[in-house]
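The values are calculated or read from the model by the stated rules, or taken from the named source; none is laboratory data. What you see is a predicted model; the values in this text were computed from it and never measured. We place every Cβ from the backbone using ideal geometry, glycine too, and count neighbours over all the protein chains shown. All accessible areas refer to the heavy atoms of the entire protein, side chains included, with ligands and DNA or RNA removed. Shrake-Rupley method; radii C 1.70, N 1.55, O 1.52, S 1.80 Å.
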Amino acid sequence: GHCRPARGVGGDYYDCLALGPDRLGLAIGDVSGKGIPAALLMASLQASLRGQASFGTRDLAELMERVNKLICASSSPNRYATFFYAEYSPSTRRLAYVNAGHNAPMLLRADGRLERLEAGGPVVGLIEFASYVAAEVELRPGDVLLGYTDGLSEAMNPADEEWGEERLSQALRASDGAPAARAVERLLAEADAFAAGAPQHDDMTLLVVRAQEA
């Protein structure tokens, strides 16, 4: 993963949580606003997630409901965050996830199909008693999962054109076969090439997971 703030301090967030020998947490989020206020809410979101994930619950819908209540209680009414959280089990290759209003991560299958991980509910921090639903997918060898914030997909060029999700998905396909860290570098390089030096006004964050043979 990688996070590139648009300013000195950013409000994007990604995380990987080692929750046990067969449980890995993956998170990416985008806090409303910029600068110090956004960074403070981001820190609160990180702490809330890590606290709830440490309880060991496998019900990710319930986990997100708890995180949402904590963010509602600790932030002003006009502050919120889009957020995606997943837990992966290497032994079963199952990825359980819940999407709280975030850009739906792209799951590029080894056979070329592209799926979007959309199941979930509203953003966190706005509706105290919001409810969420969780879903599961299987990560097969060769599959690639891309989580990202809109600062990446909405990168602007000097003509005020957006890079867009279609170009992002094409760049993901072009990185097929590359190690996850290399794919991160290539996606950022593609976004920068499109921007052609135009100043960016939003943080760029992405998280790439590549499924390998057992």
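Hey, among Ala81, Ala47, Ala110, which residue is among the small types (Gly, Ala, Ser), open to solvent by 50 Å² or more (accessible area, probe 1.4 Å) and in contact with a Gly (Cβ under 6 Å, 6 or more places away or on another chain)? Criteria check complete, one pass: Ala110. Among all positions in the stretch 80-90, there is at least one residue which is more than 20 Å from Ser32 (Cβ to Cβ), assigned to a loop (DSSP other than H, G, I, E, B), modelled with pLDDT under 95 and out of contact with any helix residue (DSSP H, G or I) (no Cβ under 9 Å at 6 or more places or on another chain). Within the stretch 136-167, the set of residues being within 14 Å of Met106 (Cβ to Cβ), assigned to a helix (DSSP H, G or I) and touching a strand residue (DSSP E or B) at 6+ places or on another chain (Cβ under 7 Å) comprises Asp150, Leu152. Does Ala134 count as surrounded by fewer than 17 Cβ atoms within 10 Å (Cβ to Cβ) and hydrophobic (A, V, I, L, M, F, W, C)? No; evaluated as a whole, the condition is false for this residue. For the criterion of being without any contact (Cβ under 8 Å) to a residue 60 or more places away in the chain, among the small types (Gly, Ala, Ser) and open to solvent by less than 70 Å² (accessible area, probe 1.4 Å), Gly164 passes. What's the total number of residues in the stretch 57-79 that are farther than 12 Å from Leu45 by Cβ, hydroxyl-bearing (Ser, Thr, Tyr) and not in a loop (DSSP other than H, G, I, E, B)? Result for the stretch 57-79: 0.
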